[in-house]
1. Go through the stretch 171-188 residue by residue and tally those that are in contact with a helix residue (DSSP H, G or I) (Cβ under 7 Å, 6 or more places away or on another chain) and small (Gly, Ala, Ser).
2. Mind counting the residues in the stretch 186-200 that are open to solvent by 80 Å² or more (accessible area, probe 1.4 Å) and either touching a Ser or Thr at 6+ places or on another chain (Cβ under 6 Å) or at pLDDT 90 or above (or both)?
3. What is the number of the single condition among (1) under 21 Å from residue 234 (Cβ atoms); (2) within 13 Å of the chain's Cα centre (by Cα); (3) free of Cβ contacts under 8 Å to residues at least 24 places away in the same chain that residue 196 does not meet?
4. If I ask for residues that are touching a residue at least 12 places away in the same chain (Cβ under 8 Å), part of a helix (DSSP H, G or I) and open to solvent by less than 30 Å² (accessible area, probe 1.4 Å), which ones from the stretch 103-137 would you list?
5. Here are the criteria: (1) over 23 Å from residue 220 (Cβ atoms); (2) open to solvent by 10 Å² or more (accessible area, probe 1.4 Å). Tell me which single one residue 149 does not satisfy.
6. Considering only residues of the stretch 82-102 that are open to solvent by 20 Å² or more (accessible area, probe 1.4 Å), part of a helix (DSSP H, G or I) and polar (S, T, N, Q), which is modelled with the lowest pLDDT?
7. Scan the stretch 159-185 for residues that are open to solvent by 40 Å² or more (accessible area, probe 1.4 Å), small (Gly, Ala, Ser) and farther than 15 Å from residue 56 by Cα and report the count.
8. Residue 18 versus (1) open to solvent by 20 Å² or more (accessible area, probe 1.4 Å); (2) assigned to a helix (DSSP H, G or I); (3) closer than 26 Å to residue 241 by Cα: which is the lone unmet condition?
Amino acid sequence: MTLLAVERIKLFTTRSPWWCALAALAVVIGFAAIISGAAPDGELTDVSLTQFGYGFGMAVIMVLAALSVTTEYRFSTIRTTFQAVPNRTSALLAKTGVVAMLSLVIGEVAAFGAWGLASVMRPEDLMLNTTAEWISVAGVGVVFALASVIAIAVGILIRHSAGAISLVLIYALAVENLIQLIPKIGKDIYDWMPFHVADRFLTGGPAAADAPLSQAGSLAYFAGFALVLLVISLVVANKRDA
């Protein structure tokens, strides 16, 4: 609990988490407002469309998560942390837990804010009547939390803000889509790309009937990817100098 409190204090005494949180909320809710205002009457019947901007919000969250680690390496405060807590794994897991919880909260507020705004703006019935509809909204926070774990792991491995942020943003926003262009096998590989699988988790249902994994399986796969990457980063952090 002490480590969690320390990491919480370190996180919230910097400006970047506040600005990133506001940016994520603005992007997700803002896109919902744009979609709701632009769609003709009677066409916005899919609840998942209210979460159109979640991918951009997730990118902001990953920047927040990466910075939570790389700024410590940049200013060498990570050395002080490791001197105070020789067990590096515990210190980094505490940081990961705090950032993941913050990401979860931001994701839920953003998702339900976007859905609520769309419900007010549109005449269609956007009530959450099915399990799939609940997942498409409430699942955003879970995806944000797991994406933050991935970004933290990348931050631990690279240790430089520009490099870590560039990698997570380019991969999440571009690389997976470009994989589809590989002749013959691109589509098959794309079906197993982690962020595409996370999107399948949120938008699953009849439209995702041809997906190789169920919604539960998609979430487990994405969580497993985040966990494996975090474990690798912790092993590397314990083997090299701070």
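The values are calculated or read from the model by the stated rules, or taken from the named source; none is laboratory data. Everything numeric here is computed off the predicted structure, so don't read it as measured data. Here the Cβ is made from the backbone with ideal geometry for all residues, glycine too, and neighbour counts use every protein chain on show. Protein only, heavy atoms only, side chains kept; ligands, DNA and RNA dropped before computing areas. Shrake-Rupley method; radii C 1.70, N 1.55, O 1.52, S 1.80 Å.
1. Residues that pass the stated criteria total 2.
2. Total meeting the criteria: 1.
3. Status for residue 196: all satisfied but (1).
4. Within the stretch 103-137, 103, 106, 107, 110, 111, 113, 114, 118, 136, 137 meet the criteria.
5. (1)
6. Of everything passing the filter in the stretch 82-102, 83 is modelled with the lowest pLDDT.
7. So the answer is 1.
8. Residue 18 satisfies all of (1) open to solvent by 20 Å² or more (accessible area, probe 1.4 Å); (2) assigned to a helix (DSSP H, G or I); (3) closer than 26 Å to residue 241 by Cα except (3).
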